[in-house]
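Here the structure comes first, spelled out in structure tokens, and everything after it is commentary.
The values are calculated or read from the model by the stated rules, or taken from the named source; none is laboratory data. Nothing here was measured: the structure is a model prediction, and the numbers come from that model. As a convention, Cβ positions derive from the backbone with ideal geometry for all residues, glycine included, and neighbour counts pool all protein chains shown.
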């Protein structure tokens, strides 16, 4: 007996979109490899072409999602697990205890198929939300602004170290190679040695009072030894400590910082999953 799983139209479209995004990234990489880095004119045109291709694909995906929403949900049968059936057939015969009853192997396959279907559903929902959400729209706006400066976005996943990884990479491009741990340690050390520059901006969320010396010491230990997110204070401390200036870009009308060695960008959306920086 073959396993048959039912996929929603939304899940099928999400798979198609992921494949198209992957194909586009491969195309973009091929385009980059074909243009010498010292050819500024062609690199500028390349950046514009990449932004255009990404915008066109995003628009296509948005239109397809809107069309899906308006047409209603449809389902199709997708036959899966043929190879796994061959491998698990012998085990299934051993596990079957009664005629007509599901075997242990069948139950495992059903559980696995249900989990995969749920995962695809969540991915599809997230992609729909992201494409129509403020974060996605802000990302498009930021990309367009950076094209004018011949810059492009490189993404860093949010794991608590994202700000430090961005600074670490930018420092490496300017000949200063620090590990993530070194950068966190030096940032915390600078904050400890310049308490008056940072303590007034840190308050206890429960009482609203400024941090006590013990609370500030714990805060600095977290900076050095945990995956605590970095913010404006830590970014300032890391730049001062390493002797670098900073260009910080966003989608506001005027940049927060317009001149500097290091180039970072940020999202004004509070709930985000990435920190972007330009190269």
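Close Cβ contacts (under 6 Å, 6 or more residues apart or on different chains) running from residues in the stretch 18-33 that are under 21 Å from residue 62 (Cα atoms) to residues that are modelled with pLDDT under 85 and part of a helix (DSSP H, G or I) comprise 28/50. Surrounded by 13 or more Cβ atoms within 10 Å (Cβ to Cβ) and either at negative phi or not assigned by TED's automatic domain parsing to the domain that holds residue 240 (or both): is that true of residue 218 in this structure? When the stated conditions are applied, residue 218 does not pass them.
The helices (runs of 4 or more DSSP H) found entirely in the stretch 95-188 that carry 1 or more residues being in contact with a strand residue (DSSP E or B) (Cβ under 8 Å, 6 or more places away or on another chain) and modelled with pLDDT of 75 or more are 104-132, 162-173. With respect to the stated conditions, residue 12 is touching a strand residue (DSSP E or B) at 6+ places or on another chain (Cβ under 8 Å), surrounded by 14 or more Cβ atoms within 10 Å (Cβ to Cβ) and at pLDDT 80 or above. Might you let me know whether the stretch 36-51 holds any residue that is surrounded by fewer than 11 Cβ atoms within 10 Å (Cβ to Cβ), outside any helix (DSSP H, G or I), in contact with a helix residue (DSSP H, G or I) (Cβ under 9 Å, 6 or more places away or on another chain) and at pLDDT 70 or above? Scanning the stretch 36-51, I find at least one residue that is surrounded by fewer than 11 Cβ atoms within 10 Å (Cβ to Cβ), outside any helix (DSSP H, G or I), in contact with a helix residue (DSSP H, G or I) (Cβ under 9 Å, 6 or more places away or on another chain) and at pLDDT 70 or above, so the answer is yes. Selection of the stretch 150-172 for residues being over 13 Å from the mean Cα position of the chain (by Cα) and at positive phi yields only 150. Taken over the stretch 221-239, the criterion of being in contact with a helix residue (DSSP H, G or I) (Cβ under 6 Å, 6 or more places away or on another chain) and surrounded by fewer than 19 Cβ atoms within 10 Å (Cβ to Cβ) is satisfied by 224, 228, 233.
Scanning the stretch 172-193 for residues that are more than 15 Å from residue 218 (Cα to Cα) and surrounded by fewer than 21 Cβ atoms within 10 Å (Cβ to Cβ) yields 172, 173, 174, 175, 176, 177, 178, 179, 180, 181, 182, 186.
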